[in-house]
Amino acid sequence: MNIWIAIGLTAVGCYLAKLLGLLVPAGVLERPLVQRLAALMPVALLAALTAQQTFADGQQLVLDARAAGLAAAALALVLRAPFLVVVGVAVAVTAVARALF
Amino acid sequence: MVRDALGVGIAVGLSGFAFGVTSAGSGLSLLQTCALSLFVFTGASQFALVGALAAGGNPYTAAAGAFFLGIRNAFYGLRLSQLLALPRFLRPLAAQWVIDETTAVTLPQPTRRAARIGFTVTGLTLYALWNLTTLVGALGAKALGDTDAWGLDAAGPAVFLALLAPMLKSTTERVTAGLAILLALGLLPLLPAGAPVLVSALAAPLVLFLKGRGGTTTDDTTTEGTKPGEGR
């Protein structure tokens, strides 16, 4: 049930955000500070999510096979690999590291 | 142009597969996984939500994190609205397709007609493929059994990293990312699941505030706001 609550809230919230942009008159969201904050917010969230999903096990910090996978993904990004390759490399390296150690 | 739109649609639609696998691996049912792709339809938010739920977060903090990631679509909508000039009754329908990729394809189009075609073709292709591949991914994960043994728990963070990388254009973005990571990991043992990520979002206003006080010497970002195509 909890999962459905989360899905419902996310669906409604994300849809309203999309609709808001199409409906409000230009100018309201065009203030530079609002724009910069909107651009920077995903940076903070994505960085935090990456770190949490790589190094967290419940409420504990751990260093496991996922870290190796993410390091490989970072390398793939530096080499300008396409999106699916980046994700594929992370998954493959994590699986191999987990099987080996 | 239609080929471009189709290309973007297909490439990103395929990553719906990664979402389906991740979501099923996080313990969501097939129906829940498909409902997310049908009704949320903005990749980063979907990955964030299933990740937060898998980590044991309560539904409200999990949804809040996903919602904050979805706010950028409002700014895309604002620009698209001027370009597409859609009739009012169509806007609630078009809204569901206002995401990174449709914006990236639509904004550079030279005419209103081309913009409308670009938006429609990308939106339609992406919506169909994203949902189809979500279903296939969720079914595939069930067939795989223990998804962690296949390394699939690394798919979520890798997706976030791939979305984040092109955003790290200047010092402001890098400092914000660094601060957010410190907050997220530092608070992890102290706060309930889901809360550290939300608190890390404060890195954004904090860095802007410090930068404002530091004057104009710190860096070089433009004031254009979120650029299309830099999210999922």
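Taking 7 Å steps out from each Cα toward its Cβ at A:Met1 and B:Leu191 produces label points 2.7 nm apart.
When the protein assembly as shown is described by a simple charge dipole with +1 on each Lys and Arg Cβ and -1 on each Asp and Glu Cβ, the residue from A:Ile5, B:Leu168, B:Tyr127 located farthest towards its positive end is B:Tyr127. The mean number of Cβ atoms from other chains found within 10 Å of a Cβ in peptide A:84-96 is 6, as a whole number.
Given a Förster distance of 35 angstrom, what is the FRET efficiency for A:Leu33 paired with A:Leu75, based on the Cβ-Cβ distance and rounded to 0.05? Kindly include the intermediate steps, with their values, before the conclusion.
On the way: r = 36 Å, r/R0 = 1.03.
So, using R0 = 35 Å, E works out to roughly 0.45.
Of the residues A:Ala56, A:Ala71, A:Ala11, the one that moves most in a GNM of chain A with alpha-carbon contacts below 10 Å is A:Ala11.
Oblate is the label for the range B:81-122, because the ratio a/c of its alpha-carbon gyration tensor axes (a ≥ b ≥ c) is 1.5 or higher and a/b is not greater than b/c.
Measuring nothing but how far apart in sequence close Cα pairs (under 8 Å, 6+ apart) lie, relative to its length, chain B scores a relative contact order of 33 percent.
Per 0.36 nm of contour for each residue apart, how much would the distance between A:Val12 and A:Leu84 grow if the chain were fully extended, relative to their Cα-Cα spacing?
The span from A:Val12 to A:Leu84 would gain 23.1 nm if fully extended.
What residues from the range B:47-69 fall in the zone where the backbone N is under 14 Å from a label point 7 Å along the Cα-to-C-beta line of A:Val62? Residues B:55-56 qualify, since their backbone N sits under 14 Å from the label point. Whole-Hz Karplus values for the range A:84-96 come out as 5, 5, 4, 5, x, 5, 4, 5, 5, 5, 4, 5, 5 Hz, taken residue by residue from phi with 6.51 cos²θ - 1.76 cosθ + 1.60 and θ = phi - 60°; glycine and proline positions read x. Given R₀ = 45 Å, FRET efficiency for B:Phe89-B:Leu30 by Cβ-Cβ distance, to 0.05? Efficiency computed from Cβ-Cβ geometry: 0.85. How would the protein assembly as shown be classified by its alpha-carbon gyration tensor: rounded, prolate or oblate, with rounded meaning a/c under 1.5 and the a/b versus b/c comparison settling the rest? Judged from the Cα gyration tensor, the protein assembly as shown comes out oblate (a/c at least 1.5, b/c at or above a/b).
Scanning chain B for helices, which whole DSSP H stretches are 15 Å or more long along the axis (Cα) and average -1.0 or more by Kyte-Doolittle?
Numbers: long enough: B:2-25 (35 Å, 1.21); B:43-54 (17 Å, 1.39); B:59-70 (16 Å, 1.02); B:72-84 (18 Å, 0.10); B:112-144 (46 Å, 0.75); B:171-187 (24 Å, 1.31); B:203-214 (16 Å, 0.93).
Helix filter hits for chain B: B:2-25, B:43-54, B:59-70, B:72-84, B:112-144, B:171-187, B:203-214.
Count Lys and Arg as plus one, Asp and Glu as minus one, and take only other residues whose Cβ is under 15 Å from that of B:Gly27; the net charge is then -2.
Each Lys and Arg adds +1 at its Cβ and each Asp and Glu adds -1 at its Cβ; summed about the Cα centre, the range B:92-173 shows a dipole of about 560 debye.
The alpha carbon gyration tensor of chain B gives principal lengths a ≥ b ≥ c with a/c of 1.5 or higher and a/b no greater than b/c, which makes the shape oblate. Among A:Phe83, A:Leu40, A:Leu22, flag the residue with its Cα farthest along the positive direction of the charge dipole of the protein assembly as shown, charges on Cβ as +1 for Lys/Arg and -1 for Asp/Glu. It is A:Leu22.
None of the figures in this text is laboratory data; all of them are computed from the coordinates on show. Every value quoted in this text rests on a predicted model; they were computed, and no experiment measured them. A quick note on method: Cβ atoms are made from the backbone with ideal geometry, for glycine too, and the neighbour counts reach across all protein chains shown.
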